Amino acid sequence: MPSIDDLASRIRFCPKAGRIWLDDSRMILLHVRSLGALRRELIETVGLRGARALLTRMGYASGAQDAELAIKVRGGGVCDFYDFFTVGPQLHMIEGIVTVEPLCIERDAKTGHFFGELLWHDSCEDEVHIAAYGIGTEPACWMQIGYASGYTSVIMGRPILFREVECRSTGHAACRIIGKPVADWDDADEDIRYLQPHAFANSKSDQRRIVVGLSTEAPEEPAAEPPSPPAKRLVGASAGFTVVCHMLEKVAGTSASVLLLGESGVGKEMFAQTLHRISRREGHPFIAVNCAAIPETLIESELFGVEKGAFTGAIASRPGRFERADGGTLFLDEIGTLSLSAQGKLLRALQEGEIERVGDQRSRKVDVRLVAATNVNLRGCVAAGTFREDLYYRLNVFPIQIPPLRDRRADIPLLLNHFFQVFRHRHRKRVTGFSQRAISGLYAYGWPGNVRELENMVERGVILAPEDGEVDLCHLFISGERLDPYILGMNAEGELNSMVDGGGARAIGDVVDAVLASRTPLDALEERLLRAAVDRAGGNFAEAARALGLSRAQLAYRIKKIEEGADADAVRHV
């Protein structure tokens, strides 16, 4: 394997602050016996399959997190794929999980082919499993398999599944794992279920298409006519995604109102449609309304309907959205934009279960399950007087917070493949996949537009990519999106990073004058500045580097040189 120094240098211990950092991620030290106790309790309480699923998904999340560090340290095409890929095995060893011996790592960027075979020696999971249950007939490295699958899926930009074909827990001398794209496994359904516990997400009917990615074969010819749009399905495997799915499953069997919270573009309507599909109202209508798109003068007639002659232009009676959703689900998106008048009428409809059409004198009973969504802080709107408090509490029966894409990056490989397949067929393009540079850029990006922005970016990439070629970084980021400097080696304007802006020039000049007057040596000044930044950041090198206008690697290198110089001085004095 390549040198591990670039990874080991990113570990920082701050005992006084009670923190351990791996790059900019906080870590913990955990007793292996504690891990064993947790495994035993999980197995006893949720069963063997439930415990395996939970630990596999825990490992998947950890692997996806470490893949982001791999992209930062060795991504961007600086080193070959083997050195890039082995960051994961090396981090697995640094974190004390297992000793890894790569046997075969194959990858073809043009076809999306991947094959990995590795040996695991002295696995901590095997150690605690054998101590509790002895040698058995089933592999026991569940977290590690999840880690390998999550890590490689992010690295490849498409879901990769690892399987343990030999294990110490079954009597072998070491554990042997094999990884390849899901499409290349004939019987992957059981393994996928451990990663995706909800049948309504990535459902079996389209699971292969969504989860798979590209096969090792040459890309197929697009159909003469684009296929009909696939049924809208939730796609994801991250911890945040799984929590939201658990919440949907809990509330689906009830008639409670649901409030979906989250930034614009996270897919709130998709989650609302899924909630309707898995509820008892599935056979009845799902009616969606974007409250922000309806003029205030028409919102009442749109929601509650209108009687003929109620106002000029009302030439016929027309049912509103409440009546059309009778027996089913009414989804009100951007509900925070409703006027106070409309809010009052909506509250009455929810409380009484009946509505009145505009211009009508009789009430009509409706049986509607309301799902509302907003990307604004409704509690803050209540405090500001722009949203009714009584309506807020009526809606806030069962709130579900949907995390932004930047907080569930483990979903990106599945989403990438889903959108890639959809747009490759829709636009009838023979595109092979994503370059490593493109994948690095996608993971480095902050995603202010969330899943909607990712969808648009993938469509753009498919359109711009050359025929029989791959989607590259230049095909994706063409609209002023800002990438992290470690991807480009410079800022988004093509300039080297600078820690001085115009507004701070005068203050910096004052500091320079003071330093020159004090006659402090430059080396001592640099050391004090670097260490002060690290101390103020609580040992977080990434945060300290941002404060100094450096990359994390630059900061770590400078501090390392200072420490080496101090050690050399100590030796000379001795």
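Observations, loosely collected:
- For the range 408-484, averaging the sequence separation of C-alpha pairs within contact (under 8 Å, six or more residues apart) and dividing by the residue count gives a relative contact order of 40 percent.
- 5 angstrom amide H check on Met27, placed H, neighbours 5+ away: Ile20, Trp21, Leu22
- Ranking of Ile4, Ile105 by count of other Cβ atoms within 10 Å, fewest first: Ile4, Ile105
- A straight chain from Leu119 to Met27 at 0.36 nm per residue would run longer than the Cα-Cα distance by 30.6 nm.
- Projecting the Cα atoms of Leu69, His92, Trp21 onto the charge dipole of the range 1-104 (Cβ charges, centred on the Cα centre) puts Trp21 farthest toward the positive pole.
- Kirkwood analysis of the range 243-342, using all unique Cα-Cα pairs, places the hydrodynamic radius at 15.0 Å.
- For the range 239-404, share of DSSP beta bridges that run antiparallel, in % to the nearest 5: 20
- The calculated FRET efficiency for Ser339 paired with Thr254, based on their beta-carbon distance and R0 = 30 Å, is about 0.50.
- Inter-label distance, nm, simple model (7 Å from Cα along the C-beta direction), Thr297/Arg452: 2.7
- Restraint check, Lys110/Lys429; Lys268/Lys365; Lys268/Lys429; Lys72/Lys560, Cα-Cα greater than 22 Å: Lys268/Lys365; Lys268/Lys429
- Exposure proxy shown here: for Ser479, Ser62, the number of other Cβ atoms within 10 Å sets the order, fewest to most, as Ser479, Ser62.
- Stretched out straight at 0.36 nm per residue, the stretch from Lys560 to Arg193 would grow longer than its current Cα-Cα span by 127.6 nm.
- Per-peptide packing, taken as the mean over residues of other Cβ atoms within 10 Å, places 455-466, 29-40, 293-304 in the sequence 455-466, 293-304, 29-40 from highest down.
- Ranked Ser3, Ser339, criterion: other C-beta atoms within 10 Å, fewest first: Ser3, Ser339
- Long-range tail of P(r) for the range 408-484 (Cα pairs > 19 Å, %): 25
Read-outs throughout are calculated quantities, based only on the coordinates presented, and are distinct from any laboratory measurement. The structure displayed is predicted, hence computed values, not measured ones. Ideal geometry is used to build each Cβ from the backbone, glycine not excepted, and the neighbour counts take in all protein chains shown.
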